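Following: one structure in C-alpha coordinates, then a few remarks.
The values are calculated or read from the model by the stated rules, or taken from the named source; none is laboratory data. The model shown is predicted, which means the values in this text are computed figures rather than measured ones. All Cβ positions, glycine included, derive from the backbone under ideal geometry; neighbour counts span all protein chains shown. To get the accessible areas, we keep the full protein, side chains included, count just its heavy atoms, and leave off ligands, DNA and RNA. Shrake-Rupley method; radii C 1.70, N 1.55, O 1.52, S 1.80 Å.
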Amino acid sequence: MARVAGAETLTARMRKQLHRARIGLRRAGVDYFRGDGSDWIALAALLLTVPAIATATINVPDWCPPAALVLPVVVGGLLLRPSSLLLLYAGAAAALITEAAILGPYSQGPSRVTPGTVLVVGAVGFVGLVIAQFRSRVGVPWRRGGTMLFDLRERIRVQSKLPKLPKGWHREMALRPAGGQSFSGDFVVAARTNGGRTLEVVLTDVSGKGMDAASRALLLSGAFGGLLGSLPPHAFLPAANAYLLRQDWDEGFATSIHLVLDLDSGDYELLSAGHLPALQLSAGTGRWEEQGAEGPLLGVYDGAQFDPIKGTLRPGDVLMLFTDGLVESAERELTEGIDRLTGEADRYVASGFHGAAWHLIEAVAKDVNDDRALLLICRD
(Lines give C-alpha, C1' and ligand atoms only; values in the text may rest on other atoms or scores of the structure.)
Protein backbone atom coordinates (compact mmCIF):
# COMPACT_ATOMS: atom_id res chain seq x y z
CA MET A 1 0.00 0.00 0.00
CA ALA A 2 2.86 2.35 0.80
CA ARG A 3 4.39 1.63 -2.61
CA VAL A 4 1.09 2.41 -4.35
CA ALA A 5 0.72 5.66 -2.40
CA GLY A 6 4.29 6.63 -3.27
CA ALA A 7 3.69 5.88 -6.96
CA GLU A 8 0.49 7.92 -6.92
CA THR A 9 2.31 10.79 -5.24
CA LEU A 10 5.10 10.65 -7.81
CA THR A 11 2.58 10.59 -10.68
CA ALA A 12 0.70 13.54 -9.19
CA ARG A 13 3.91 15.50 -8.85
CA MET A 14 4.87 14.80 -12.45
CA ARG A 15 1.44 15.97 -13.60
CA LYS A 16 1.78 19.18 -11.60
CA GLN A 17 5.22 19.85 -13.02
CA LEU A 18 3.97 19.22 -16.55
CA HIS A 19 0.99 21.50 -15.96
CA ARG A 20 3.23 24.30 -14.66
CA ALA A 21 5.58 23.95 -17.62
CA ARG A 22 2.66 24.10 -20.05
CA ILE A 23 1.23 27.21 -18.36
CA GLY A 24 4.64 28.88 -18.33
CA LEU A 25 5.17 28.15 -22.02
CA ARG A 26 1.73 29.51 -22.85
CA ARG A 27 2.36 32.70 -20.89
CA ALA A 28 5.73 33.16 -22.58
CA GLY A 29 4.08 32.77 -25.98
CA VAL A 30 1.36 35.30 -25.15
CA ASP A 31 3.91 37.80 -23.79
CA TYR A 32 6.02 37.41 -26.92
CA PHE A 33 3.05 38.03 -29.18
CA ARG A 34 2.11 41.13 -27.20
CA GLY A 35 5.69 42.37 -27.28
CA ASP A 36 6.22 42.02 -23.52
CA GLY A 37 8.51 39.00 -23.65
CA SER A 38 12.22 38.70 -24.35
CA ASP A 39 13.43 38.62 -27.95
CA TRP A 40 16.32 36.22 -27.28
CA ILE A 41 14.60 33.37 -29.13
CA ALA A 42 14.25 35.46 -32.29
CA LEU A 43 17.82 36.76 -31.89
CA ALA A 44 19.22 33.24 -31.51
CA ALA A 45 17.30 31.99 -34.55
CA LEU A 46 18.47 34.88 -36.70
CA LEU A 47 22.07 34.53 -35.54
CA LEU A 48 21.95 30.89 -36.63
CA THR A 49 20.66 31.84 -40.07
CA VAL A 50 23.60 34.20 -40.67
CA PRO A 51 26.32 31.48 -40.78
CA ALA A 52 23.92 29.20 -42.67
CA ILE A 53 23.50 31.84 -45.38
CA ALA A 54 27.25 32.52 -45.40
CA THR A 55 28.00 28.82 -45.84
CA ALA A 56 25.52 28.58 -48.71
CA THR A 57 27.04 31.66 -50.34
CA ILE A 58 30.55 30.20 -50.16
CA ASN A 59 29.49 26.83 -51.56
CA VAL A 60 26.85 27.84 -54.14
CA PRO A 61 27.25 31.60 -54.74
CA ASP A 62 25.17 31.45 -57.92
CA TRP A 63 22.10 30.31 -55.97
CA CYS A 64 22.78 32.21 -52.74
CA PRO A 65 24.48 35.56 -53.48
CA PRO A 66 26.20 37.59 -50.75
CA ALA A 67 23.28 40.05 -50.77
CA ALA A 68 21.12 37.27 -49.26
CA LEU A 69 22.30 38.49 -45.85
CA VAL A 70 19.69 41.24 -46.09
CA LEU A 71 17.02 38.62 -45.29
CA PRO A 72 17.89 38.16 -41.57
CA VAL A 73 18.65 41.89 -41.37
CA VAL A 74 15.13 42.76 -42.58
CA VAL A 75 13.48 40.25 -40.27
CA GLY A 76 15.59 41.47 -37.37
CA GLY A 77 14.48 45.04 -38.01
CA LEU A 78 10.89 43.89 -37.52
CA LEU A 79 11.42 41.55 -34.59
CA LEU A 80 14.30 42.71 -32.42
CA ARG A 81 14.97 45.53 -30.04
CA PRO A 82 17.74 47.99 -30.98
CA SER A 83 20.32 46.43 -28.64
CA SER A 84 19.67 42.94 -29.97
CA LEU A 85 19.63 44.26 -33.51
CA LEU A 86 23.19 45.55 -33.14
CA LEU A 87 24.35 42.03 -32.22
CA LEU A 88 22.70 40.68 -35.35
CA TYR A 89 24.38 43.38 -37.46
CA ALA A 90 27.75 42.45 -35.99
CA GLY A 91 27.15 38.84 -37.01
CA ALA A 92 26.12 39.89 -40.53
CA ALA A 93 29.23 42.08 -40.86
CA ALA A 94 31.44 39.18 -39.75
CA ALA A 95 29.75 36.95 -42.32
CA LEU A 96 30.38 39.49 -45.10
CA ILE A 97 34.06 39.73 -44.15
CA THR A 98 34.36 35.92 -44.10
CA GLU A 99 32.67 35.62 -47.51
CA ALA A 100 34.94 38.29 -49.00
CA ALA A 101 38.05 36.60 -47.64
CA ILE A 102 37.12 33.11 -48.91
CA LEU A 103 35.56 34.05 -52.27
CA GLY A 104 38.32 36.48 -53.10
CA PRO A 105 38.30 40.01 -54.55
CA TYR A 106 35.19 41.02 -56.51
CA SER A 107 37.40 41.86 -59.51
CA GLN A 108 38.08 38.16 -60.09
CA GLY A 109 34.54 37.35 -61.22
CA PRO A 110 30.83 37.48 -60.38
CA SER A 111 29.08 36.15 -57.25
CA ARG A 112 31.52 37.83 -54.91
CA VAL A 113 31.19 40.47 -52.21
CA THR A 114 31.16 43.79 -54.04
CA PRO A 115 30.99 47.33 -52.68
CA GLY A 116 27.39 47.39 -53.87
CA THR A 117 26.61 44.35 -51.72
CA VAL A 118 28.06 46.07 -48.66
CA LEU A 119 26.09 49.24 -49.40
CA VAL A 120 22.79 47.33 -49.85
CA VAL A 121 23.20 45.34 -46.64
CA GLY A 122 24.31 48.48 -44.76
CA ALA A 123 21.39 50.55 -46.07
CA VAL A 124 18.84 47.90 -45.16
CA GLY A 125 20.42 47.58 -41.73
CA PHE A 126 20.24 51.35 -41.19
CA VAL A 127 16.56 51.45 -42.13
CA GLY A 128 15.84 48.50 -39.82
CA LEU A 129 17.63 50.23 -36.94
CA VAL A 130 15.62 53.43 -37.47
CA ILE A 131 12.37 51.43 -37.43
CA ALA A 132 13.45 49.56 -34.28
CA GLN A 133 14.36 52.84 -32.56
CA PHE A 134 10.97 54.29 -33.48
CA ARG A 135 9.16 51.24 -32.11
CA SER A 136 11.21 51.46 -28.94
CA ARG A 137 10.30 55.12 -28.44
CA VAL A 138 6.63 54.52 -29.12
CA GLY A 139 6.63 51.43 -26.91
CA VAL A 140 4.56 49.38 -29.38
CA PRO A 141 6.41 46.35 -30.78
CA TRP A 142 5.47 45.25 -34.27
CA ARG A 143 3.69 42.15 -33.00
CA ARG A 144 1.28 44.32 -31.03
CA GLY A 145 1.20 47.46 -33.17
CA GLY A 146 -1.07 46.10 -35.88
CA THR A 147 -3.34 44.49 -33.31
CA MET A 148 -3.63 47.77 -31.43
CA LEU A 149 -4.55 49.71 -34.56
CA PHE A 150 -7.12 47.08 -35.47
CA ASP A 151 -8.57 47.30 -31.96
CA LEU A 152 -8.77 51.11 -32.19
CA ARG A 153 -10.56 50.90 -35.52
CA GLU A 154 -13.08 48.41 -34.17
CA ARG A 155 -13.72 50.58 -31.09
CA ILE A 156 -14.54 53.55 -33.31
CA ARG A 157 -16.93 51.38 -35.31
CA VAL A 158 -18.62 50.06 -32.18
CA GLN A 159 -19.03 53.57 -30.79
CA SER A 160 -20.53 54.70 -34.09
CA LYS A 161 -23.19 51.98 -34.21
CA LEU A 162 -26.73 53.27 -34.00
CA PRO A 163 -29.09 51.67 -31.49
CA LYS A 164 -32.03 49.64 -32.70
CA LEU A 165 -35.15 51.66 -33.30
CA PRO A 166 -38.76 50.65 -32.57
CA LYS A 167 -41.16 49.48 -35.23
CA GLY A 168 -42.02 52.23 -37.66
CA TRP A 169 -38.49 53.69 -37.76
CA HIS A 170 -35.49 52.93 -39.93
CA ARG A 171 -31.92 54.21 -39.82
CA GLU A 172 -28.98 54.02 -42.23
CA MET A 173 -25.40 55.18 -41.73
CA ALA A 174 -22.16 55.07 -43.72
CA LEU A 175 -18.66 56.39 -42.92
CA ARG A 176 -15.95 56.69 -45.57
CA PRO A 177 -12.47 57.88 -44.51
CA ALA A 178 -10.28 59.94 -46.85
CA GLY A 179 -7.92 58.11 -49.15
CA GLY A 180 -9.43 54.69 -48.50
CA GLN A 181 -7.91 54.56 -45.00
CA SER A 182 -9.42 52.79 -42.01
CA PHE A 183 -9.54 55.83 -39.73
CA SER A 184 -11.72 58.87 -40.13
CA GLY A 185 -12.10 62.31 -38.63
CA ASP A 186 -15.89 61.94 -38.88
CA PHE A 187 -17.69 59.95 -36.22
CA VAL A 188 -21.14 59.32 -34.79
CA VAL A 189 -22.24 58.66 -31.22
CA ALA A 190 -25.82 57.72 -30.44
CA ALA A 191 -27.95 56.53 -27.55
CA ARG A 192 -31.57 55.98 -26.63
CA THR A 193 -32.41 58.03 -23.56
CA ASN A 194 -35.47 58.92 -21.52
CA GLY A 195 -36.36 55.27 -21.02
CA GLY A 196 -35.76 54.47 -24.68
CA ARG A 197 -38.37 56.96 -25.93
CA THR A 198 -35.79 59.45 -27.21
CA LEU A 199 -33.02 58.94 -29.76
CA GLU A 200 -30.00 61.20 -29.44
CA VAL A 201 -27.46 61.22 -32.27
CA VAL A 202 -24.35 63.39 -32.57
CA LEU A 203 -22.50 63.62 -35.89
CA THR A 204 -19.09 65.28 -35.59
CA ASP A 205 -16.49 66.37 -38.13
CA VAL A 206 -13.06 66.91 -36.59
CA SER A 207 -10.71 69.38 -38.28
CA GLY A 208 -8.30 67.62 -40.61
CA LYS A 209 -8.90 64.34 -42.40
CA GLY A 210 -7.87 60.70 -42.42
CA MET A 211 -5.09 59.64 -40.06
CA ASP A 212 -4.32 63.26 -39.11
CA ALA A 213 -7.74 63.64 -37.49
CA ALA A 214 -8.28 60.01 -36.45
CA SER A 215 -6.49 60.20 -33.09
CA ARG A 216 -8.48 63.30 -32.09
CA ALA A 217 -11.68 61.71 -33.37
CA LEU A 218 -11.04 58.63 -31.23
CA LEU A 219 -10.52 60.74 -28.12
CA LEU A 220 -13.56 62.91 -28.80
CA SER A 221 -15.83 59.99 -29.66
CA GLY A 222 -15.10 58.41 -26.29
CA ALA A 223 -15.69 61.69 -24.45
CA PHE A 224 -18.84 62.55 -26.42
CA GLY A 225 -20.18 59.03 -25.91
CA GLY A 226 -19.78 59.49 -22.16
CA LEU A 227 -21.49 62.88 -22.20
CA LEU A 228 -24.40 61.80 -24.38
CA GLY A 229 -27.29 60.71 -22.21
CA SER A 230 -25.52 61.81 -19.02
CA LEU A 231 -26.52 65.44 -19.55
CA PRO A 232 -29.75 67.14 -20.63
CA PRO A 233 -29.81 67.53 -24.42
CA HIS A 234 -29.30 71.30 -24.34
CA ALA A 235 -26.23 70.89 -22.11
CA PHE A 236 -24.39 68.47 -24.39
CA LEU A 237 -22.81 70.88 -26.90
CA PRO A 238 -21.69 73.40 -24.22
CA ALA A 239 -20.03 70.54 -22.31
CA ALA A 240 -18.44 69.22 -25.52
CA ASN A 241 -17.18 72.72 -26.33
CA ALA A 242 -15.65 73.10 -22.87
CA TYR A 243 -13.97 69.68 -23.16
CA LEU A 244 -12.46 70.57 -26.53
CA LEU A 245 -11.15 73.88 -25.21
CA ARG A 246 -9.39 72.10 -22.34
CA GLN A 247 -7.41 70.00 -24.81
CA ASP A 248 -5.63 73.13 -26.09
CA TRP A 249 -4.92 71.59 -29.50
CA ASP A 250 -3.27 73.68 -32.21
CA GLU A 251 -5.90 72.49 -34.68
CA GLY A 252 -8.61 71.64 -32.23
CA PHE A 253 -11.92 72.80 -33.63
CA ALA A 254 -14.76 70.57 -34.78
CA THR A 255 -18.26 70.88 -36.17
CA SER A 256 -21.10 68.89 -34.71
CA ILE A 257 -24.85 68.44 -35.08
CA HIS A 258 -27.00 67.00 -32.30
CA LEU A 259 -30.36 65.38 -33.04
CA VAL A 260 -32.86 64.79 -30.24
CA LEU A 261 -35.79 62.76 -31.62
CA ASP A 262 -38.95 61.69 -29.80
CA LEU A 263 -39.66 58.22 -31.17
CA ASP A 264 -43.29 58.32 -30.05
CA SER A 265 -44.40 61.58 -31.64
CA GLY A 266 -41.69 62.19 -34.26
CA ASP A 267 -40.93 65.64 -32.83
CA TYR A 268 -37.25 66.54 -32.85
CA GLU A 269 -34.77 69.25 -31.98
CA LEU A 270 -31.57 70.01 -33.85
CA LEU A 271 -28.62 71.78 -32.24
CA SER A 272 -25.63 72.70 -34.36
CA ALA A 273 -22.03 73.73 -33.67
CA GLY A 274 -20.99 75.22 -37.00
CA HIS A 275 -22.22 72.14 -38.86
CA LEU A 276 -23.99 71.93 -42.19
CA PRO A 277 -27.80 71.98 -42.01
CA ALA A 278 -29.76 68.76 -42.00
CA LEU A 279 -32.09 67.92 -44.89
CA GLN A 280 -35.67 66.77 -44.35
CA LEU A 281 -37.75 65.08 -47.00
CA SER A 282 -41.45 65.77 -46.59
CA ALA A 283 -43.57 62.87 -47.78
CA GLY A 284 -46.48 65.23 -48.43
CA THR A 285 -44.64 67.53 -50.85
CA GLY A 286 -41.74 65.30 -51.97
CA ARG A 287 -39.31 68.16 -51.41
CA TRP A 288 -36.12 68.40 -49.37
CA GLU A 289 -35.93 71.30 -46.94
CA GLU A 290 -32.88 72.52 -45.03
CA GLN A 291 -33.07 72.44 -41.24
CA GLY A 292 -30.22 74.61 -40.04
CA ALA A 293 -29.63 75.53 -36.39
CA GLU A 294 -27.33 78.33 -35.21
CA GLY A 295 -24.15 77.79 -33.24
CA PRO A 296 -20.38 78.40 -33.38
CA LEU A 297 -17.66 75.81 -33.95
CA LEU A 298 -16.65 73.60 -31.05
CA GLY A 299 -13.35 74.52 -29.45
CA VAL A 300 -13.22 78.16 -30.60
CA TYR A 301 -14.32 80.19 -27.59
CA ASP A 302 -15.77 79.62 -24.15
CA GLY A 303 -19.36 80.35 -23.20
CA ALA A 304 -20.77 79.59 -26.65
CA GLN A 305 -24.55 79.26 -26.99
CA PHE A 306 -26.30 76.76 -29.23
CA ASP A 307 -29.90 77.57 -30.14
CA PRO A 308 -32.09 74.64 -31.21
CA ILE A 309 -34.64 74.44 -33.98
CA LYS A 310 -37.67 72.19 -33.83
CA GLY A 311 -39.37 70.00 -36.38
CA THR A 312 -41.46 66.88 -36.81
CA LEU A 313 -40.92 63.68 -38.77
CA ARG A 314 -44.27 62.47 -40.03
CA PRO A 315 -44.90 59.04 -41.58
CA GLY A 316 -42.85 58.82 -44.78
CA ASP A 317 -40.51 61.66 -43.84
CA VAL A 318 -36.72 61.31 -43.90
CA LEU A 319 -34.05 63.29 -42.06
CA MET A 320 -30.52 63.33 -43.50
CA LEU A 321 -27.38 64.36 -41.59
CA PHE A 322 -24.01 64.55 -43.36
CA THR A 323 -20.54 66.09 -43.25
CA ASP A 324 -19.04 68.59 -45.68
CA GLY A 325 -16.86 66.01 -47.44
CA LEU A 326 -20.03 64.65 -49.04
CA VAL A 327 -21.22 67.87 -50.66
CA GLU A 328 -18.31 70.32 -50.76
CA SER A 329 -15.03 70.18 -52.70
CA ALA A 330 -12.67 72.38 -54.65
CA GLU A 331 -14.50 71.57 -57.89
CA ARG A 332 -18.02 72.40 -56.74
CA GLU A 333 -19.82 74.74 -54.37
CA LEU A 334 -21.86 73.71 -51.35
CA THR A 335 -25.27 74.41 -52.93
CA GLU A 336 -24.36 72.39 -56.00
CA GLY A 337 -23.23 69.48 -53.83
CA ILE A 338 -26.46 69.54 -51.81
CA ASP A 339 -28.56 69.62 -54.98
CA ARG A 340 -26.68 66.62 -56.33
CA LEU A 341 -27.10 64.75 -53.04
CA THR A 342 -30.86 65.33 -52.87
CA GLY A 343 -31.23 64.42 -56.54
CA GLU A 344 -29.53 61.08 -55.96
CA ALA A 345 -31.50 60.52 -52.75
CA ASP A 346 -34.81 60.86 -54.60
CA ARG A 347 -34.05 57.57 -56.33
CA TYR A 348 -34.37 55.70 -53.02
CA VAL A 349 -37.73 57.09 -51.90
CA ALA A 350 -39.64 54.10 -53.29
CA SER A 351 -37.36 51.59 -51.55
CA GLY A 352 -37.61 53.30 -48.17
CA PHE A 353 -33.89 54.18 -48.24
CA HIS A 354 -32.84 50.67 -47.25
CA GLY A 355 -29.11 50.41 -47.97
CA ALA A 356 -29.10 53.92 -49.41
CA ALA A 357 -26.40 55.55 -47.26
CA TRP A 358 -23.46 53.64 -48.73
CA HIS A 359 -24.76 53.95 -52.29
CA LEU A 360 -25.31 57.70 -51.93
CA ILE A 361 -21.68 58.22 -50.92
CA GLU A 362 -20.60 56.09 -53.88
CA ALA A 363 -22.74 58.12 -56.26
CA VAL A 364 -22.03 61.61 -54.91
CA ALA A 365 -18.51 61.56 -53.43
CA LYS A 366 -16.79 58.31 -54.33
CA ASP A 367 -13.34 59.70 -55.17
CA VAL A 368 -13.34 62.74 -52.89
CA ASN A 369 -10.17 62.96 -50.80
CA ASP A 370 -12.00 63.86 -47.61
CA ASP A 371 -13.81 62.09 -44.80
CA ARG A 372 -17.48 61.51 -45.57
CA ALA A 373 -20.33 60.54 -43.29
CA LEU A 374 -24.04 60.17 -44.00
CA LEU A 375 -26.89 59.37 -41.61
CA LEU A 376 -30.52 58.75 -42.56
CA ILE A 377 -33.44 58.58 -40.09
CA CYS A 378 -36.65 57.40 -41.76
CA ARG A 379 -40.16 57.15 -40.40
CA ASP A 380 -42.05 54.40 -42.22
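Here are the numbers:
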| quantity | calculated |
| --- | --- |
| Phe253 - accessible surface, heavy atoms, 1.4 Å probe, Å² rounded to 10 | 90 Å² |
| Whole-number accessible area per residue in Å² for the chain, which is evaluated in the context of all protein chains at 1.4 Å | 53 Å² |
| Exposure rank, largest accessible area first [Phe306, Phe126; 1.4 Å] | Phe126, Phe306 |
| Long-range HN-HN contacts of Thr323 with modeled amide H, under 5 Å | Ala373 |
| Inter-label distance for Asp248 and Leu87, nm, one decimal - labels placed 7 Å from Cα along Cα-to-Cβ | 4.4 nm |
| For the range 360-380 and the range 266-291, distance of Cα centres in Å | 16 Å |
| Cα-based helix-to-principal-axis angle, 142-159 vs the chain, degrees rounded to 10 | 10 degrees |
| Hz values of 3J(HN,Hα) by residue in the range 102-118 - Karplus curve (6.51, -1.76, 1.60), Gly and Pro given as x | 7, 6, x, x, 5, 6, 8, x, x, 6, 10, 6, 9, x, x, 4, 4 |
| Rounded tilt (10° steps) of 40-59 against the dominant C-alpha axis of the chain | 60 degrees |
| With every protein chain in place, the chain: carbon and sulfur % of accessible area (1.4 Å) | 58 percent |
| GNM result for the chain, Cα springs below 10 Å: residue of Val260, Val201, Val75 fluctuating most strongly | Val75 |
| Among Tyr268, Tyr106, Tyr243: highest mean-square fluctuation, GNM of the chain, C-alpha pairs under 10 Å | Tyr106 |
| Global geometry of the range 237-380, whether rounded, prolate or oblate, following the gyration tensor of its Cα atoms and the 1.5 cut on a/c | oblate |
| Net lengthening on full extension, His170/Arg347 (0.36 nm per residue, minus Cα-Cα) | 62.0 nm |
| Cross-link partners of Lys366 among lysines (Cα-Cα below 24 Å; sequence separation of 8 or more within a chain) | Lys161, Lys209 |
| For the range 363-378, Karplus couplings with θ = phi - 60° (6.51, -1.76, 1.60), whole Hz, Gly/Pro x | 7, 9, 9, 5, 9, 6, 8, 7, 5, 10, 9, 9, 10, 10, 10, 10 |
| GNM flexibility winner over the chain from Thr49, Thr312, Thr204 (Cα, springs under 10 Å) | Thr49 |
| Whole-percent pair-distance distribution, where bins are 10 Å wide, for the alpha carbons of the range 251-315 | 21, 45, 25, 9, 1 |
| Residue-span extension gain [Ala45 to Ile102] - 0.36 nm each, minus C-alpha spacing | 18.1 nm |
| 3J(HN,Hα) from dihedral phi, the range 299-308, Karplus parametrisation 6.51/-1.76/1.60, rounded to Hz, x for glycine, proline | x, 9, 8, 7, x, 5, 10, 10, 8, x |
